[in-house]
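Read the structure below first, then the notes.
The values are calculated or read from the model by the stated rules, or taken from the named source; none is laboratory data. These figures come from a predicted structure and were not determined experimentally. Don't worry about glycine lacking a Cβ; one is built from the backbone with ideal geometry, like all the others, and counts go over all protein chains shown. Ligands, DNA and RNA are excluded from the accessible area calculation, which covers all protein heavy atoms including side chains. Shrake-Rupley method; radii C 1.70, N 1.55, O 1.52, S 1.80 Å.
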Amino acid sequence: MLESSQRDLDLDLYPPLDPNLHQTRLVTILPRDCNGRIECQLRIISLDCDPLYEALSYVWGESKKGRSILLDGREFSVTDNLFAALGRIRKREEKRTLWIDQICINQRNLAEREQQVRLMGKIFSRTYRALLWLGDIPHISPECGLQYLSSQPPFTWKDYDTESSSGWLGALSSAEAAKGRPPLTVYPHSAFPLLQELSNNAHIRHLSILGTSKSNDELYQQLIYPLSALLQQQWWTRIWTLQECILPPHGLLIVGPFSIPWGTVLKAAVNLDVHSRGCCKRTLSSLSDAQQVELRKFTSTMKKIERLRHERLANEYGTGPDKFFQYMRDFSGRNASNPRDKVFGLLGLTTEWHWRNSIKPNYNLSVAAVFEDTTVKLIESTRCLDVLPLDSQQPSNFELPSWTPDWSASEGSEDSLRLKQMSLYQSWQSPATATTAICRHEASALELTGIYLSDVEWTSAYICDSYETRSKAFSAWWEEYKAAQSWTLWKLFFASKDVEAIWFLNLLCGHTTIVDGVVELIGGNLAADLWLQSWCKAKEPDLYEKMFTTNPDRIRTRSSKVHAIDSIINNTTRMRRLFRDSYGDHSLGPITVSKGDKVYILCGGKSPVVLRPVGERDLVGMGKRKCYEFVGACYHEDEEFQCGGALACRIETKESIVLV
């Protein structure tokens with residue numbers, strides 16, 4: 001009986017939507033009344049009719065709904081965070097029409113949720129403004145409506161609903177201090193006046209909030225601390241809020257009763273980055289490394305968002321699956337309550353899949369099935385294997401095939417750099433093998449085409465698991481590498497007597513370097529060989545003495561080059577193990593590589609990979625097949641195998657590879 005009455009209530013509030021008409025619901029917040037109750041009304045609209053509305057971007061918070069509003073005259077429960085937002089954005093004398101997922105979608109109807117998630121891109125693209133709610137300031141009275149910042153110093157606050165007097169913020173600060181509460185400067189909105197000044201292209205040393213001393217403490221308290229406090233809000237960590245601040249043409253960032261235009265925030269971040277790297281660099285030189293990192297975190301976060309906004313504006317045909325994959329990598333650190341939303345929450349940013357089979361939200365599928373389907377769709381759409389895991393995966397909460405990335409996991413900056421490095425390689429690319437990846441997917445098995453290179457015959461006992469232990473690993477790797485090679489004949493063809501040392505260092509950096517912040521292939525560059533020697537002399541002097549006959553005093557070191565090489569070598573060797581194959585060649589592979597594994601180059605792949613035979617299996621839809629587990633990508637010492645051009649003589653040995 002209770003379930004029946006609940007269904008009747010759902011039908012009263014939520015009559016069915018027609019997906020063919022791109023229908024959704026809008027909620028109208030009624031003006032404040034004398035009893036203070038929040039009252040709202042729902043109505044169905046078609047997005048094709050260009051309705052006028054705002055969209056609320058916020059974090060649900062605790063899933064337990066603890067506050068009540070009136071929705072079409074009925075009691076309706078919402079989360080505490082949404083209740084606070086409704087209280088702040090409600091106007092005194094006018095209605096306000098918004099799209100709010102918690103109210104406008106029947107959350108008990110799974111089919112409707114999926115259909116509305118597919119419309120999220122349209123919903124936030126067609127709103128005239130997004131209200132970006134970061135959270136409330138509890139001890140400020142809910143009766144204080146939204147305030148916004150004046151555009152000129154001294155940056156006083158003005159209520160755009162009630163036209164309250166300027167100087168409101170200062171009076172409130174004094175009142176809160178009198179009550180023994182911390183000053184408002186400890187709250188996220190204290191960054192708003194700073195952002196306003198920075199958006200006007202002010203020099204850091206001329207900011208009015210800094211006073212005259214420009215001391216290190218003052219720089220931190222008045223510049224970095226407010227920006228850090230702003231970024232500490234949970235809103236910045238959620239996957240859904242990304243498209244919600246990128247797609248709308250305009251936005252308003254809100255903290256409690258305070259607001260500032262979203263465009264002002266983005267412009268301020270760009271200006272701050274330019275000034276901190278150039279004319280104002282000296283002003284910030286007294287800051288500690290940790291404080292510099294805090295500052296860069298703010299600018300890098302905003303620059304990523306601004307880059308996506310520009311990409312969408314610049315591409316009139318929309319963004320495709322290749323960009324979708326990049327977004328999943330770039331923003332893997334953002335969270336979602338439902339792991340499936342790490343995929344579904346970015347679909348609104350991808351507007352054009354051309355003729356390809358696009359990813360569609362389906363909450364009935366298991367998490368593992370969603371991640372598998374996403375991987376296969378990206379391979380089919382991009383015609384390459386960049387989506388496969390770069391390394392052996394850490395234990396996952398989901399039972400995933402070896403070839404399926406755990407999309408719920410976060411990537412670090414090192415993973416991003418390694419992905420850029422891998423994108424340079426073209427192992428499969430040669431006149432005889434210039435074909436794209438074609439896959440077949442059945443029952444968690446992935447069928448690809450590949451060429452066998454060799455078996456793994458030996459693996460080193462040493463791995464680079466940290467910066468502190470790498471010297472020991474490098475030294476051990478070098479001794480084995482040197483002992484296993486016969487370099488006498490090679491030295492006849494090279495002017496350098498230290499050719500084996502140069503080849504070893506090229507392996508450590510994966511045949512790549514960083515030039516002016518961009519990862520590039522070395523490609524036999526003699527200058528790059530000198531950079532590698534400079535790095536070895538500066539960072540690994542004991543190893544240098546073992547490897548080179550050249551007098552170290554003759555090798556000049558340039559700090560910028562040494563730092564770049566050090567960064568790329570850390571990236572290449574981190575959590576890697578040296579191994580030797582059946583042809584005597586060395587490679588750097590995942591730490592789980594073991595004797596008996598096989599090295600292949602897969603059709604559409606950028607780099608050689610390590611596969612592990614697991615015997616024959618009877619697979620649904622494929623029959624009895626020889627199967628492999630995907631171990632990970634590797635760096636081959638032979639540049640021809642790593643960067644392309646070495647497969648022409650082996651093209652006839654192509655075979656079908658089934659990964660499980």
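For the pair Arg108 and Asp33, what calculated FRET efficiency results from E = 1/(1 + (r/R0)^6), where r is the Cβ-Cβ distance and R0 = 35 Å, to the nearest 0.05?
On the way: r = 29 Å, r/R0 = 0.84.
So, using R0 = 35 Å, E works out to roughly 0.75.
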Worksheet entry | Relative contact order %, the stretch 533-635, counting alpha carbon pairs below 8 Å whose residues are six or more apart | 18
Item to complete: Please give the contour-minus-distance gain from Glu399 to Glu62: 0.36 nm per residue of separation, less the Cα-Cα distance, rounded to one decimal in nm.
Response: 118.6 nm
Item to complete: Starting from the Cα of Ala314, step 7 Å along the direction of its Cβ; do the same at Arg74; then give the gap between the two resulting points in nm.
Response: 4.9
Response to the item:
Burial-style ranking of 398-408, 126-136, average other-beta-carbon count within 10 Å with highest first, yields 126-136, 398-408
Discussion item. Before I look further, what does the stretch 8-109 give for accessible area per residue, probe 1.4 Å, in whole square angstrom?
Written reply: 48
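Checking the table Lys304/Lys377; Lys297/Lys539; Lys472/Lys606; Lys420/Lys606; Lys598/Lys626; Lys420/Lys482 against a 19 Å threshold on Cα-Cα, which pairs fail?
Beyond 19 Å: Lys304/Lys377; Lys297/Lys539; Lys472/Lys606; Lys420/Lys482.
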Worksheet item: Once both labels are modelled 7 Å past Cα along the beta-carbon direction, what's the Gln233-Val614 spacing in nm?
Response: 4.6
Worksheet item: At a 1.4 Å probe radius, carbon and sulfur cover how many percent of the accessible area of the stretch 288-336?
Response: 50
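Share of the stretch 11-143's accessible area from carbon and sulfur, percent, 1.4 Å?
On the way: 2880 of 6050 Å².
Its accessible area is 48 percent carbon and sulfur atoms.
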Discussion item. If you average the C-alpha positions of the stretch 58-136 and of the stretch 501-541 separately, how far apart do those two centres end up, in angstrom?
Written reply: 54
Discussion item. Could you work out what % of the accessible surface of the stretch 581-641 is carbon and sulfur, using a 1.4 angstrom probe and leaving DNA, RNA and ligands out of the count?
Written reply: 47
Worksheet item: Could you give the nm distance between label points at Tyr452 and Asn335, where each point is 7 Å from its Cα heading toward the beta carbon?
Response: 4.8
Worksheet item: Where in the stretch 590-632 does the amide nitrogen come within less than 13 Å of the point 7 Å from the Cα of Lys654, taken along Cα to Cβ?
Response: 602-605
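Determine the gain in length on full extension of the stretch Ser416-Cys279; use 0.36 nm per residue of separation and subtract their C-alpha separation, reporting nm with one decimal.
Gain on extension, Ser416 to Cys279, equals 46.4 nm.
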Worksheet item: On average, how much accessible surface per residue is there in the stretch 270-391, in Å², for a 1.4 Å probe, leaving out ligands, DNA and RNA?
Response: 45
Worksheet item: Roughly speaking, what is the centre-to-centre gap between the stretch 560-583 and the stretch 232-254 when only Cα atoms are used, to the nearest Å?
Response: 37
Discussion item. Using 0.36 nm times the number of residues separating Ser46 and Met622, minus their current alpha carbon distance, what extension gain do you get?
Written reply: 202.8 nm
